[in-house]
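Working notes for the structure below.
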Amino acid sequence: MDPISQGALGAVTAASAAGRENVRKATLVGWVAGMLPDADVFIRSAADPLLTIQYHRHFTHSFLFVPVGALVCAVVFWILTRRWWKLSFGRLYLFSFLGYATAGLLDACTSYGTQLWWPFSDERVAWHVISIVDPIFTGMMLILIVGGLIWRRAVWMRVAVVFVICYIGLGFVQRERTEALQLALAAERGHEGIERATVKPTIGNLVLWRSIYEYGEEYWVDGIRTGVFGKPSIYEGVQVPVLRLEDLQARVPEESVLWGDLERFDHFSDGHLMWHPDHEGVLGDLRYGVLPQSVKPLWGIRVDWEAVDEHVPFEGFRDVGEVERGDLLRMLWGEELTWRRGDAEAE
C-alpha cells in the first residue's frame, strides 16, 4: 500500500507490544520498520526502466528477509538512540521485527503482487482484498495512533490492530461476494467455464470492484458495485482480445533485450497483457484501468520491434478527467451511468 499505511500499520503493531513507558518509542521504530521494505524503490537504472517494477515488492518484502530487515532497522536505531532511550537492543529488535513483518503481508492484501516466498518462488502473491490507497483504513489507524501517543497507552494501538484485522476481513468477505456476482454475470451471458477470473477493489474503497475474466479468447471487463448493504450494481464494460506472451514470440529473438523485457512485464502484470487502445505500440497491464469497466490501462511499455537490443520505456497513463471522476462517483453511489457500451469502446 501507500507508505503512510505501511508506516502506520508497522507502528500500531510494534506499539501493541510495548509498555506505557515505551509506547512512543515503539511507535517510531515500528513506523520506520514498516516503511523500510519499500526502500527497494531506489533499485533503479536510467538505462533499464523496468528494473524498478521488477524489484519493487521483491526480496525486501519476503518472509525470509524479515529478520534481516528488522536487524538493519534495530541497528540503526541502536546507534542513534542508545545514549538517550535506555532501551535494550532486544526490545529495539522486537519492535523492528513486528513493524517490518507487517509490510509484506499488507502488500499481499492488494492486487499489485508481492514476492512473499522469495527465494523459493517468484510468485507474486496478491489476495485482492484492499486497495493500494484506502483513506478509511489509513485514517482510522492514524486517529488511534494519535490517541495512543497523547495518552501513552498501548491499548489504543491494540484497538487499531483489531480494526485492521476486521477491515481486511471485510475485504475478504467483499471479494467473495464480488466473485459470486462475477460468476452470476458470466452465467447470464452464457459463459460457462470462465478462466483467469479476477476481482479487485477500486481505489480507496471496498464497495466498487473491477472484474476481469477470460472467455472465448477475450477478456471481459466490468465494474461491480458490491455494497455492504443494498442491491449490487453491474456496470458492463467491453472486451479485448486475449494477448499472450507467446503470441509475440515470432516477432522477437528470444536472446534479445526486448524479449527479456517482454517476459519481465508479462510476469509483473500476471499475464494480463493488452494493446493500449489509444497509444499505438504500447503494451498495457489490463489489471488496472481508468475506470473499473474501462480497458484503458494505467501503465504500459512502449514496444519498438526494430530496437530489439534496447530496453523498453515504461509509461504511465493516469490522467483522469472530469467525466471519469463523475462516473466513478456515480458508480460508488450505485447510480446509473448515462454512457452506453458503445461509448465505452470509443473511449
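For region 276-290, taking the residues that are of a type outside the set (D, E, K, R) and crowded, with 18+ Cβ neighbours inside 10 Å, the one that is nearest to the chain's Cα centre (by Cα) is identified as 288.
Evaluate the following for residue 295: is it over 24 Å from residue 208 (Cβ atoms), open to solvent by less than 50 Å² (accessible area, probe 1.4 Å) and not charged (D, E, K, R)?
Details: over 24 Å from residue 208 (Cβ atoms): no; open to solvent by less than 50 Å² (accessible area, probe 1.4 Å): yes; not charged (D, E, K, R): yes.
So residue 295 does not fit the description; no.
Of all residues in region 14-35, none satisfies the criterion of being modelled with pLDDT under 95 and aliphatic (A, V, I, L, M). Residues in region 249-270 that are under 27 Å from the mean Cα position of the chain (by Cα) and buried (at least 17 other Cβ atoms within 10 Å of the Cβ): 258, 259, 261, 262, 264, 265, 266, 268, 269, 270. Restricting attention to region 221-240, does a residue exist that is of a type in the set (Asp, Glu) and in a strand (DSSP E or B)? Yes - at least one qualifying residue is present in region 221-240. Only residues that are in contact (Cβ under 8 Å) with a residue 40 or more places away in the chain and open to solvent by less than 50 Å² (accessible area, probe 1.4 Å) were counted across region 26-51, and they come to 11.
Which ones in region 31-57 are out of contact with any helix residue (DSSP H, G or I) (no Cβ under 6 Å at 6 or more places or on another chain) and either basic (Lys, Arg) or not in a helix (DSSP H, G or I) (or both)? Those that are out of contact with any helix residue (DSSP H, G or I) (no Cβ under 6 Å at 6 or more places or on another chain) and either basic (Lys, Arg) or not in a helix (DSSP H, G or I) (or both): 46, 47, 48, 49.
Going through (1) in contact (Cβ under 8 Å) with a residue 12 or more places away in the chain; (2) within 22 Å of residue 200 (Cα to Cα); (3) in a helix (DSSP H, G or I) one by one, residue 160 falls short only on (2). Here residue 1 qualifies as under 26 Å from residue 148 (Cβ atoms), open to solvent by 10 Å² or more (accessible area, probe 1.4 Å), hydrophobic (A, V, I, L, M, F, W, C) and in contact with a Leu (Cβ under 6 Å, 6 or more places away or on another chain). Only one of the listed residues (65, 59) is closer than 23 Å to residue 126 by Cα, over 18 Å from the mean Cα position of the chain (by Cα) and among the aromatic types (Phe, Trp, Tyr). That residue is 65.
Residue 114 meets the stated requirement of being touching a Lys or Arg at 6+ places or on another chain (Cβ under 9 Å), of a type outside the set (Lys, Arg) and within 30 Å of residue 286 (Cβ to Cβ).
Give the residues of region 31-54 that are more than 17 Å from residue 65 (Cβ to Cβ) and within 23 Å of the chain's Cα centre (by Cα), sorted by residue number.
Of all residues in region 31-54, those more than 17 Å from residue 65 (Cβ to Cβ) come to 31, 44-53.
If the condition is that a residue be more than 17 Å from residue 65 (Cβ to Cβ) and within 23 Å of the chain's Cα centre (by Cα), then 31, 44, 45, 48, 49, 50, 51, 52, 53 are the ones that fit.
What about residue 176, is it at pLDDT 95 or above, within 26 Å of the chain's Cα centre (by Cα) and closer than 16 Å to residue 274 by Cβ? No; evaluated as a whole, the condition is false for this residue.
Within region 186-244, the residues that satisfy the criterion of being more than 21 Å from residue 135 (Cβ to Cβ) and among the small types (Gly, Ala, Ser) are 186, 187, 190, 193, 197, 211, 216, 230, 233, 237. Apart from one condition, residue 319 fits all of (1) within 20 Å of the chain's Cα centre (by Cα); (2) in contact (Cβ under 8 Å) with a residue 12 or more places away in the chain; the exception is (2). Checking the structure you have, find out if any residue of region 65-79 is buried (at least 20 other Cβ atoms within 10 Å of the Cβ), under 27 Å from residue 139 (Cα atoms), modelled with pLDDT of 95 or more and touching a strand residue (DSSP E or B) at 6+ places or on another chain (Cβ under 6 Å). No, the conditions are met nowhere in region 65-79. Residues of region 124-144 that are crowded, with 21+ Cβ neighbours inside 10 Å and assigned to a helix (DSSP H, G or I): 137, 141, 144.
The values are calculated or read from the model by the stated rules, or taken from the named source; none is laboratory data. Note that the structure is a prediction, hence the values are computed from the model and not measured. Cβ: placed from backbone, ideal geometry, glycine included. Neighbour counts: every protein chain shown. What goes into the accessible areas is simple: the full protein's heavy atoms, side chains included, and nothing from ligands, DNA or RNA. Shrake-Rupley method; radii C 1.70, N 1.55, O 1.52, S 1.80 Å.
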